[in-house]
Amino acid sequence: MSLSASTRAVPSGSPDGETSSGADLTLERITKDFGSFVAVDDLSLTVPSGSFFALLGPSGCGKTTTLRMVAGLERPSSGRILIGGQDVTSTRAHQRPVNTVFQSYALFPHLTVIENVAFGLRRTRAANPLGRAGDALDLVELRHLADRRPSQLSGGQQQRVALARAMVNNPAVLLLDEPLGALDLKLRRQMQVELKRIQTEVGLTFVHVTHDQEEAMTMADTVAVMNAGRIEQLGAPADLYELPRTAFVANFLGQSNLLGGTVVETVDGIMGVDVAGRRIRVPVDRAVSTSGDVLVGVRPEKLRLVREGEEPAPGTNWVGPGAVTDVSFSGVSTQYQVMVPGLGTLSVFSQNVAGRGEVRLGEQVRLACDVDFTFGLDGAEDATSGAVDLDDPGA
Amino acid sequence: MTIVSAIGHGPGNGPASPPPAAQGRRGRSGAYLLLLPGMAYLTLFFVFPVVALLLTSLYAPVPGGDIGQYQPAFEWRNYVVALSSYWPQMLRSFLYALTATVAAFLIGYPMAYVIAVRARGRPFLQGMLLVLVIAPFFTSFILRTIAWKQILADESFVVAALRAVQLLPPDGRLTATGFAVVCGLTYNFLPFMTLPIYASLERLDPRLVEAGGDLYAGAPTTFLRVTLPLSMPGVVSGTLLTFIPASGDYVNSVLLGNNTTTMIGQVIDSRFFKVADYPSAAALSVVLMAAILLLVSAYVRRSGTEELL
Ligand SMILES: Nc1ncnc2c1ncn2[C@@H]1O[C@H](COP(=O)(O)OP(=O)(O)O)[C@@H](O)[C@H]1O
Ligand SMILES: [Mg+2]
């Protein structure tokens, strides 16, 4: 899809007539309970105007509920919602300058594609609804299907109609509830790029809900990782990845090796942690907790395999030796599983750079890592929290 | 589009499924065999009688014969005579049926809406309410209509109350009026209106209603632009199932009306059974059938439910 020519065609002017390129969205201590079940628990966050914000979390963690409260389709049990500084908590859905791309698209089956897109414009009595709806269809490259009915479109096309129908109203905040969830992998990757480009071009505030961590990281400026109704951590994708603050984030956003240990000393901003008898060093400013029991974390691609006869670089952390129990080659990289007695199985990604000999199954290796790449988490946490369960197709 | 296809179809939400890959010839003709019992039944009890009806409507009296003795002929003047004598009753039937249909819609739609939409997710409550809608069918048609006769009678509390609040003049009455007949028709056919609308609304995806709200439509607009159009198949079925039998009804006008509220069904009944004037009874029946067919096809065409199918 090309956007250049048609971008200007996107209408400006929010329902109340004023021009907006998105507005700040603020949730203040929002809680939502369904009977005794707390779906969203004391959640606060701010989405800056014009940003692409991703709400990332596993299925059932309360993402849709949060989005529905912003849209006005669900009322918070407590807390406040502000859009552009205005408290909208007690207003109804149709009064909010917010539009949603629904998880199921929710296109009107009795209306043509163009009438679906023009629906919001007609309600706000905007000028030239059909012309603007047509322009929005240009943006998603579906103008030629304007007179079809939704049931005559493919899933990907329906998804784009839903996007056009929401975007054409130029909302202060555009909410997207797993909009790509029903698409196949290839189309999903393609639409991720398109969606990101459209957002950059039109400058709307996007709040994008997904359970796909790769999707969140590639698209969003800011990612909020959500778990059991709470935000675990919020930040730029790279920051979250490099410095997760909870075991859940460390495991859900990419993979992590988390090793239990005890802080035994702190010298010059580096703490020494006893991990199964070895001293591992972790920068204090990369640790959530700096005394007692901690979890020491390191990303698989930050680990290097040290073969017999080699020595770890001086000043690095290392553990082992342990036996290589699994080697899976994927072209760009190879993933190794190494069973280290007393620590369990660690995961290592290694780039297939020319000239490096291949490590074989069963070989005894040590695992080394720069001190600056390790991070420290609260030792009371469950080290497996948020880890992807390969048996769970919903994960 | 045919009338039959207007009935009992919901909005097509899912993409139209492609036809299954070509099956063997035997599989296909096997499927058509399933039509046989229905076709046989309809041929025996619908096609033959209709042909007989058409023929009878053109019969002429046997010259010098007794009352009720007719012979095959092509006496098209039967139609002229019947229509010129009974067009007021014919017109009145359609007027009453139309009024009753509109009244049944106004009562039935909100009822169906509450059961299908407001009580959604509470199957027990829905079941109870539906039983209440159908409950009148547990007693006989005649008994129910006679009950109305009691309710609207001069000495009933309804009439007393209406007189008390001066909605009815002191000597005004409800029984033996057109109003009573329309009340009876509305009541007797109400479930036929309510149930198809309920079925349509039950299938309505609540997320579409939410989408309406999300797209700046308040509750009334969402109802008019989303809910009502998507329930049109039910509305069309309901109005047809009410209007068609109500136009031909003769029980309500007999029991609740007087000689100024005579409906065409009553005329046909008396021409046939009382004076043995079979040709004119048949001619009136044919005209009634044709008129209903015309009205109904015009209605279905105008209501534009094709787009929902
Ligand atoms: N209307 C409701 N009534 C009761 N429980 C609900 C309702 N809506 C959502 N929930 C529960 O709240 C939790 C969060 O749901 P949801 O926000 O849809 O999760 P997500 O979108 O992250 O998958 C789920 O456990 C779900 O069962
Ligand atoms: Mg969801």
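Would you list which aspartates and glutamates come within 13 Å of residue A:196, measuring only between C-alpha atoms, while excluding same-chain residues fewer than 8 positions from it? By straight Cα distance, residue A:196 reaches A:215, A:221. Taking only the alpha carbons of the stretch B:142-210, we obtain Rg and Dmax values of 17.8, 54 Å in that order.
The ranking of A:253, A:367, B:215 from fewest to most other beta carbons within 10 Å of each one's beta carbon is A:253, A:367, B:215. Answer rounded, prolate or oblate for chain B, using the Cα gyration tensor with square roots of eigenvalues a ≥ b ≥ c: rounded when a/c is under 1.5, else prolate when a/b is larger than b/c, else oblate. Oblate. Residues A:271, B:90, arranged from fewest to most other Cβ atoms within 10 angstrom of their Cβ, appear as B:90, A:271. Label zone of residue A:372 (point 7 Å out along Cα→Cβ, amide N under 11 Å): in the stretch A:286-306 this covers no residue at all. Relative contact order of chain B: 31 percent, from C-alpha pairs under 8 Å at least 6 residues apart in sequence. Of all lysines in the structure, the ones whose alpha carbon falls short of 19 Å from that of residue A:63, not counting any fewer than 8 places away in one chain, are A:32. Once the Kirkwood radius over Cα pairs is known for the protein assembly as shown, the Stokes-Einstein relation at 25 °C and 0.890 mPa s delivers a diffusion coefficient of 77 µm²/s. What separates the Cα centres of the stretch B:50-97 and the stretch B:255-303 is a distance of 11 Å.
Summarised in one figure, the compactness ratio Rg/Rh of the stretch A:281-373, Cα atoms and Kirkwood Rh, is 0.98.
Counting only chymotrypsin sites (Phe, Trp or Tyr not before Pro) that DSSP places in a loop and that have at most 12 other Cβ atoms within 10 Å, the longest clean stretch of chain B runs over B:77-309. Neighbour counts of other Cβ atoms within 10 Å put A:61, B:183 in the fewest-to-most order B:183, A:61. In plain terms, chain A is cut at each of the trypsin sites (Lys or Arg not before Pro) found in a DSSP loop with at most 14 other Cβ atoms within 10 Å, and the longest leftover piece is A:126-355.
Here is what passes the span test in chain B: the DSSP H helices with alpha carbon length of 20 Å or more along the helix axis and a Kyte-Doolittle mean of 0.0 or above are B:77-113, B:178-203, B:232-248, B:278-303. Computed over the stretch A:255-378, relative contact order equals 32 percent, with contacts defined as Cα pairs under 8 Å that lie 6+ residues apart.
No lab work stands behind these numbers, since they all come straight from the coordinates. This structure is a prediction, so every number in the text was calculated from the model and none was measured. All Cβ positions, even for glycine, are placed from backbone atoms using ideal geometry, and neighbour counts span all protein chains on display.
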